[in-house]
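Asks: Got a structure for you, written out below as structure tokens; questions coming shortly.
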Amino acid sequence: MRKPAETSVPVAPAIAERWSPRAYDETATITDAQLTALLEAARWAPSFGNTQPARYLVGRRGDQAFARILAALNSGNQAWAFRASALLVGVMVTANEKGEVPYAEYGLGLASENLVLQAVDLGLIGHQMAGFSPDAVRTSFGLPEDAIPRVAIAVGSAANASVLDDPKRVERELAPRRRLPLAEFAFGDGWGTPAL
């Protein structure tokens, strides 16, 4: 299902088409080439001083990594994410050989956005989630202290919203996308004064 963004001027197709669906085709798989492209897109994201703080834990439906990531999700996310072709956890590395990595969370955010935009470009869908247990991920994957799990990401192929089985979830899936108007988003001469 497509829900392109309604923008005041055209934007890049991957940006216009990116949203966070929950209806995944549980029979679809992700290829090695697709998964590699997602991770390469994330790897080439900008980072402060080229510190590259982003790392990813990766599981494909049916493997142990997928099962451990799924188990770490909250129940609301587990209810639909089990259908995804892959589950990932974005981890920020907060220290390197030079000491503390500045803006590590920002770097992970940039990498994760690259990853989901690449998914759109490949005809896949991606959904980023905060609803998971970082402690469960840390324990089950043996993360070092300076590696902090920050976001879970489901990736796969779209399915009809009816797979969600819950009328409220189906309604939310079909609802129009909404954003603040540009006049309330970008300011010029002062806070609240539209830039455009």
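The values are calculated or read from the model by the stated rules, or taken from the named source; none is laboratory data. Not measured: the values here are computed from a predicted model. Quick reminder, even Gly has a Cβ in these numbers, built from the backbone with ideal geometry, and neighbours come from all protein chains shown. Note: areas computed on protein heavy atoms with side chains; ligands, DNA, RNA excluded. Shrake-Rupley method; radii C 1.70, N 1.55, O 1.52, S 1.80 Å.
Asks: What residues have an amide H closer than 5 Å to that of Ser85, excluding those fewer than 5 places away on the same chain, when H is modeled at 1.01 Å from N in the peptide plane?
Replies: Under 5 Å from the amide H of Ser85 lie the amide H atoms of Val155, Gly156, Ser157, each far enough along the sequence or on another chain.
Asks: Place a label point 7 angstrom from the Cα of Asn160 along the Cα-to-Cβ direction, then list the residues of region 77-97 whose backbone nitrogen is under 19 Å away.
Replies: 80, 83-84
Asks: What number comes out for the charge environment of Ser157, summing +1 per Lys or Arg and -1 per Asp or Glu over other residues with Cβ under 12 Å away?
Replies: On the way: positive: Arg61, Arg83; negative: Asp25, Glu26.
Residues close to Ser157 contribute a combined charge of 0.
Asks: With a 1.4 Å probe and every protein chain kept in, tell me what percent of the accessible surface of region 9-93 is carbon plus sulfur. Provide the component values of the computation, followed by the final result.
Replies: Details: 2370 of 4060 Å².
Roughly 58 percent of what the probe reaches on region 9-93 is carbon or sulfur.
Asks: Over the chain, give the accessible area per residue in Å² for a 1.4 Å probe, as an integer. Walk me through the numbers before you get to the answer.
Replies: Working: 11140 Å² over 196 residues.
Accessible area per residue: 57 Å².
Asks: Here is a follow-up. By per-residue mean of other Cβ atoms within 10 Å, what is the highest-first order of 159-166, 127-134, 112-119? Mind dumping the intermediate values first?
Replies: Working: 159-166: 14.8, 127-134: 16.8, 112-119: 22.1.
Order by mean packing, descending: 112-119, 127-134, 159-166.
Asks: How big is the dipole moment of region 12-136 about its Cα centre under a simple scheme where the beta carbon of each Lys and Arg is +1, that of each Asp and Glu is -1, and everything else is neutral? Debye, nearest 20, please.
Replies: Numbers: 9 positive and 12 negative charges, 35 e Å.
In debye, rounded to 20, region 12-136 gives about 160.
Asks: Putting +1 on Lys and Arg Cβ atoms and -1 on Asp and Glu Cβ atoms, find which of Leu70, Ala14, Trp44 reaches farthest to the positive end of the dipole of the chain.
Replies: The residue sitting farthest along the positive end of the dipole is Leu70.
Asks: How high is the FRET efficiency from Ala71 to Ala33, r the C-beta distance, R0 25 Å, rounded to 0.05? Don't jump to the answer; show the numbers that get you there.
Replies: Details: r = 28 Å, r/R0 = 1.12.
That gives a FRET efficiency of 0.35.
Asks: Right, something else. Show that you can apply the helix-only estimate: for the chain, add -39,500 (n - 2.57) for every DSSP H stretch of four or more residues, divide by all residues, and state [θ] at 222 nm to the nearest 500.
Replies: Values: 7 runs with 67 residues, N = 196.
It comes out at -10000 deg cm²/dmol, rounded to the nearest 500.
Asks: Based on the Kirkwood radius over alpha-carbon pairs, what is the Stokes-Einstein translational diffusion coefficient of the chain at 4 °C with 1.567 mPa s viscosity, in µm²/s?
Replies: Working: Rh = 17.9 Å.
It diffuses with D of about 72 µm²/s by this estimate.
Asks: Can you pull the one-decimal nm distance between simple spin-label points at Lys98 and Glu171, each 7 Å off the Cα toward Cβ?
Replies: Rounded to a tenth, the inter-label distance reads 5.2 nm.
Asks: Suppose every Lys and Arg Cβ carries +1 and every Asp and Glu Cβ carries -1, with no other charges. What dipole size does region 26-70 come out with about its Cα centre, to the nearest 20 debye?
Replies: 160
Asks: Counting other C-beta atoms within 10 Å, and keeping those with at most 14, which DSSP coil trypsin sites (Lys or Arg not before Pro) do you find in region 104-196? Write down the numbers at each step before the final one.
Replies: Values: sites: Arg138, Arg150, Lys168, Arg169, Arg172, Arg177, Arg178, Arg179; in loops: Arg177, Arg178, Arg179.
Answer in residue order: Arg177, Arg178, Arg179.
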